Structure formats: C-alpha cells, structure tokens
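Peer 1: The structure is given below, and queries will be raised subsequently.
The values are calculated or read from the model by the stated rules, or taken from the named source; none is laboratory data. Keep in mind the model is a prediction, meaning the values are calculated, not measured. Positions of Cβ are backbone-derived with ideal geometry, glycine not excepted, and every protein chain shown enters the neighbour counts. Please note that ligands, DNA and RNA were not included when accessible areas were found on the heavy atoms of the full protein model with its side chains. Shrake-Rupley method; radii C 1.70, N 1.55, O 1.52, S 1.80 Å.
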Amino acid sequence: MLKAFELIRPGDLAEAVAAVADGAIPLAGGTDLLVRMKKGIIAPKKIVDLSGLKELREIKEDEENIILGSLVTHGDVVNSELTNKYLSLLVQGCRTVGSPQIRNTGTLGGNIINASPAADSVPPLVALGAKVVLSSVNGEREMKIEEFLVGPGKTLKRPDELLTGIVVKKMKPEERCLYRKLGQRKALAISIASVAVKFGFDPVTKRCTNPAIAFGAVGPVVKRAVELERLLEQRILDQQTIKEISLKAREFCDPISDIRASAEYRREMCCSLLYEALYELTC
Amino acid sequence: MEKVTVNFTLNGERQSITVNPNLTLLEVIRDIFELTGTKEGCGHGECGACTVLLNGKAVNSCLVLISQVEGKEVTTIEGLSKDGSVDPLQASFIEAGAIQCGYCTPGMIMSAKSLLLENSNPSVEEIKTAISGNLCRCTGYAKIIKAIQLAARNVKAGEAGGEV
C-alpha cells in the first residue's frame, strides 16, 4: 500500500497553484508518480490531485498556435482533430508512449515534468519549438521547452510553479514530419533512441527548408541537432545526400551506455533512424 | 490521514465511499467492493492484469489513485455481463479457448472491450495494439486475437439481426 499522505482536491486552478506553493506534489495522470511512490523513490507528504480541473484537459487553437492543457493525455493528443490537423509530429510521438492504458491516463504535462531523456512526446515538442506555460501565485510565464529541460529529471520549474499548458505553433501544410522510435518492442518500451524530424519540402524540386531535428534518449536532454539542421537547409534531398547527412548524426549526439543499450550502439542508431526518417519523408 | 469521499459509478451503480486517500482504484475494487475479477499482476502498469474501463477507456487500475475517479464511470469485468448473460467478448473467449491459466483474461477482455467500444470492426493490427499493454505469460496471444475478431463479428451479426 502507498504510504500515508494528505490529499488536496482543489476547486480551481488558483487553489491548485496555492497548494503547490505550499509544497504539495501535483498528481496529473499518476502513471509515473504512483510507480515512484510504490517503489519508495519518493514519499510525498502532500499531494494535490489535479484531475478535477477540466480547463487543464482542453486542447484549443488560436490563429498561430495549438494550446494544450498540461493534463491532456497522450490518448487525447492521438484522438484530437486539432492535433491531427496541425501537430502530426506530436501525434506520432504520443502514439508510441507506453500502452493504450498508459496513453489513456498519462499526461503531456507529466511527460515533460519528469524530464526523462527518453520521453516520447518531448522530441516532437522540441522539434516543433513548443513553449511551456508555468503558473504560480505570482502569475504566469512562458519558456521554450528546450530551455526548460536541463538534465535527466531536471527542469527550470520553480518549486512554487505548476506546469499548466503547452503552446505549439501549428505546422504548415507543406511541412513533412516523422517520429521514429527504437525500443525493445512496440509497446511499453522505453526508447533506446528516437528522432523527430520536420521540414518544409517541395516534392518537385526535393528541396528541404527550415528543418528541425531532435533526438530522444541519446543525451542528457532532448535538444535540437542544429548542426544537422544546417547541413539539411536548402539541400536537394536525393538518396546520396540523405545518406551522407544521416551518417553525420553520430557526431552530434552524446549518449550514455545503460541497461538498454551501449553508447556506441545508440550513436549508430541515430544515423539509421535519421536515414529511415529522411528516406520515408522524401522518397 | 484525513479521509476523502469519492463519488463514482461502478458497473452502472452509483457509489459514494469515504476512504483513506492512499488507496488505488484496484485496492478499492478488490478489497472494498470485493470484486476480485480484476487482478493485480506487476502493480506498476506493465502487465495490464488490472485493466478496467474509466469512462469507457482502458486504464491500469493499479496506477489510478481513488480520488481520480471522482464523477467518473468505472467498469470492471463483473460489469460486462447483463441480465445473467455474458458479454459477446466473454462468450468468444470461451468459444475460441482463449484461456490458459486465466490470470490475464479479465484485463485482456477489458482492453478488447475498450477497443470494440471505439471500433466495431478492428483489423488484426488494431487488435494487437489494443492488447499491447496486456501480458499473457502463457503466451496464448493467437487465440486471444481470434477471440476478439470473433466477438467483433458476432456483435455485427447480432446487430444485423443474425444469430449470435
């Protein structure tokens, strides 16, 4: 059984933020928090259950952006018309998270706050230049997700802040994208390596514009591979070019060896994943 | 520890319980309502033995804190049979012999139920995805997949007025 704690059930967002300021640990989907509590990694004294806050489950749009509440589940992202229309890359990432049960419960906000280098929603969000919205009793601030994530399990969230939303620019119709993940099997597998790729593509000239690439699980944080992006910018993506650029991926990642794979293997897999993604998107 | 009152629907009946907040949905289902069809396997969301429906969607009840079901509908394996007759999925699991030790069966059926509620005509790939969070350590997956296909067909035949 879980260790005893005090449970706070906020009536609105202001109460939730106040509870966080008072030291309560936020409960979103619970798929990570409960596992960590069961394993004895953490033993919160106070938990604030966010599940009653409907506004955090909403997916909205404005002219430029899709705005996702932090309690939107991976399943919500997979099924939403808005995300399927404008954020296909994120949909692809969320579809590979855990299992149907985990996707129906686990949230985008939880996936981000855990700051696992292997989180499957994160490479798409980084490649899409997403921003996180942080709320506290003092107000709101926004930050690019790439700056927000600073290490395994570490973010720039202040102790009194709650992640309440994710703002992502809508993809353009001419942009192509792919999330590709290597895991031990297709479900419930933590990524060994993954890549999110997005770029503008003219099918006639095969020219690539504004590429964005982010690798998952091959460094302490998910970052844009700016050097590779520079190599791709304005290039005609024929097979030879794709191969040459993909092979350079090993130079731009910083993986570790762990129980899932060695650093050398991960480096090779970055090349393969990028090659497969570019091939599929252009041929 | 201050208790919490949670109102929810369990297998179609409204319930209001006042319990310690550190209980999972699985513990409440098994220990308070004594519905032991839902099993605990790993307790960490890896095996799917504890799968129930929350508002019609499959979830691992071992990873749901009881306060999270406030205002929601919970369906367990016991909630599938209606008026003394089993659900088409239960019937097809029996017909296809999709049972070995039986421990994963309730979870498998609940994941399949979640799928059929959304998609009455699933492909084999869609069935595999739907049960990808459920482990069968007897590895009887082939017959489980057949049973789910059979249930989908039987439901459709029933709706068309044919024999089920």
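Peer 1: By per-residue mean of other Cβ atoms within 10 Å, what is the highest-first order of B:128-140, B:61-73? Working shown, then result.
Peer 2: Working: B:128-140: 19.5, B:61-73: 22.5.
Sorting B:128-140, B:61-73 by mean packing, highest first, produces B:61-73, B:128-140.
Peer 1: Then there is this: Can you give the % of DSSP beta bridges in chain A that are antiparallel, to the nearest 5? Before the final figure, lay out the partial values.
Peer 2: On the way: 39 of 45 bridges.
Once the DSSP bridges in chain A are tallied, antiparallel ones form about 85 percent.
Peer 1: Assuming 0.890 mPa s and 25 °C, estimate D for chain A with Stokes-Einstein, Rh taken as the Kirkwood radius over Cα pairs, in µm²/s.
Peer 2: 127
Peer 1: Could you state how much accessible area A:D62 has, in square angstrom rounded to the nearest 10, with a 1.4 Å probe and all protein chains kept in place?
Peer 2: Looks like 70 Å² after rounding.
Peer 1: Quick check: at a probe of 1.4 Å, how many percent of the accessible area of segment B:104-164 sits on carbon and sulfur atoms?
Peer 2: Values: 1630 of 3070 Å².
It is 53 percent, rounded to a whole number.
Peer 1: Could you list the GluC sites (Glu not before Pro) in segment A:1-69 that lie in coil according to DSSP, counting only those with at most 10 other Cβ atoms within 10 Å of their Cβ? Write out the running numbers ahead of the final one.
Peer 2: Details: sites: A:E6, A:E15, A:E55, A:E58, A:E61, A:E63, A:E64; in loops: A:E58, A:E63, A:E64.
Listed in order of number, the matching sites are A:E63, A:E64.
Peer 1: How many Å² of accessible area per residue for segment A:6-49, probe 1.4 Å?
Peer 2: Working: 2010 Å² over 44 residues.
Normalised by residue count, the accessible surface of segment A:6-49 is 46 Å².
Peer 1: Let me ask another. Restricting attention to segment A:1-75, which trypsin sites (Lys or Arg not before Pro) occupy a DSSP loop and are surrounded by at most 11 other Cβ atoms within 10 Å?
Peer 2: Working: sites: A:K3, A:R36, A:K38, A:K39, A:K45, A:K46, A:K54, A:R57, A:K60; in loops: A:K3, A:K39, A:K45.
Those satisfying the criteria are A:K39, A:K45.
Peer 1: So what is the calculated 222 nm ellipticity per residue for chain B, using -39500 (n - 2.57) for each DSSP H run with n of 4 or more, over all residues, to the nearest 500 deg cm²/dmol?
Peer 2: -9500 deg cm²/dmol
Peer 1: Compute the accessible area per residue over segment A:175-282, keeping the other protein chains in place, probe 1.4 Å, unit Å². Intermediate results must be reported in sequence, preceding the final value.
Peer 2: Values: 5270 Å² over 108 residues.
Using a 1.4 Å probe on heavy atoms only, each residue of segment A:175-282 averages 49 Å².
Peer 1: In segment B:18-33, which residues give up 50 Å² or more of accessible area once the other protein chains are added, compared with their chain alone (1.4 Å probe)?
Peer 2: Listed in order, they are B:N22.
Peer 1: How far is helix A:263-282 tilted off the main Cα axis of chain A, in degrees rounded to 10, range 0 to 90?
Peer 2: 70
Peer 1: Report the local net charge at A:V137: Lys and Arg +1, Asp and Glu -1, summed over other residues whose C-beta lies under 15 Å from its C-beta.
Peer 2: Details: positive: A:R141, A:K157, A:R158; negative: A:D12, A:E15, A:D22, A:E140, A:D160, A:E161.
Here the charged neighbours net out to -3.
Peer 1: I need the Kirkwood Rh of segment B:4-79: take the reciprocal of the average 1/r across all distinct C-alpha pairs and report it in angstrom. All intermediate terms of the calculation are to be shown ahead of the outcome.
Peer 2: Details: mean 1/r = 0.0832 Å⁻¹.
For segment B:4-79, the Kirkwood estimate is 12.0 Å.
Peer 1: Let me ask something additional. Which trypsin sites (Lys or Arg not before Pro) in segment A:169-203 pass both tests, a DSSP loop state and at most 13 other beta-carbon atoms within 10 Å? Walk me through the intermediate numbers first.
Peer 2: On the way: sites: A:K169, A:K170, A:R176, A:R180, A:K181, A:R185, A:K186, A:K198; in loops: A:K170, A:R185, A:K186.
Answer in residue order: A:R185, A:K186.
Peer 1: When Cβ neighbours within 10 Å are restricted to other protein chains, what is their mean count per residue of peptide B:40-52? Spell out each step's value before the answer.
Peer 2: Working: counts 0, 0, 1, 4, 6, 13, 7, 2, 6, 0, 1, 3, 1.
Counting Cβ atoms of other protein chains within 10 Å of each residue's Cβ and averaging gives 3.
Peer 1: Quick one: compute the contact order of chain A, relative version, from alpha carbon pairs under 8 angstrom and 6+ residues apart, as a percent.
Peer 2: Relative contact order here is 15 percent.
Peer 1: Between A:T209 and A:D258, how high is the FRET efficiency from 1/(1 + (r/R0)^6) when r is the Cβ-Cβ distance and R₀ = 35 Å? Nearest 0.05.
Peer 2: On the way: r = 36 Å, r/R0 = 1.04.
My answer for the efficiency is 0.45.
Peer 1: Let me ask another. What accessible area per residue, rounded to a whole number of Å², is obtained for segment B:16-119 using a probe radius of 1.4 Å?
Peer 2: Values: 3990 Å² over 104 residues.
Each residue of segment B:16-119 exposes 38 Å² on average to a 1.4 Å probe.
Peer 1: Averaged over peptide B:107-116, how many Cβ atoms belonging to another chain are found within 10 Å of each residue's Cβ?
Peer 2: Details: counts 1, 0, 0, 1, 3, 0, 0, 3, 1, 0.
Shielding by partners across B:107-116 averages 1.
Peer 1: Taking the alpha-carbon centroid of each part, what is the distance from segment B:105-163 to segment A:141-195 in angstrom?
Peer 2: First find each Cα centre; the distance between them is then 32 Å.
Peer 1: Something else about it: Using only helices, what value at 222 nm comes out for chain A when you add -39,500 (n - 2.57) per DSSP H run of length 4 or more and divide by the total residues, to the nearest 500 deg cm²/dmol? It would help to have the intermediate numbers written out before the result.
Peer 2: On the way: 12 runs with 94 residues, N = 283.
It comes out at -9000 deg cm²/dmol, rounded to the nearest 500.
Peer 1: Counting only other chains, and only Cβ atoms inside 10 Å, what mean value do you get across the residues of A:121-128? Don't skip to the answer; put the middle values down first.
Peer 2: Values: counts 0, 0, 0, 0, 0, 0, 0, 0.
Mean shielding by partner chains, rounded to a whole number: 0.
Peer 1: Still on this structure, please answer the following. Estimate for me the total accessible surface buried between chains A and B (protein heavy atoms, probe 1.4 Å, no ligands or nucleic acids), in Å² to the nearest 100. Please report the intermediate quantities before stating the final value.
Peer 2: Details: alone 14080 and 8850 Å², together 20440 Å².
Buried area (both sides, nearest 100 Å²): 2500 Å².
Peer 1: Moving on to the next point. Which log10 I(q)/I(0) values, to two decimals, does segment A:54-169 give at q = 0.16, 0.18, 0.22 Å⁻¹ under the Debye formula with one point per Cα?
Peer 2: -0.66, -0.85, -1.31
Peer 1: Okay, moving on. What ranking, highest mean first, results for peptides A:152-158, B:45-51 when packing means the other Cβ atoms within 10 Å averaged over each residue? Working shown, then result.
Peer 2: Working: A:152-158: 14.4, B:45-51: 26.9.
The most tightly packed comes first, giving B:45-51, A:152-158.
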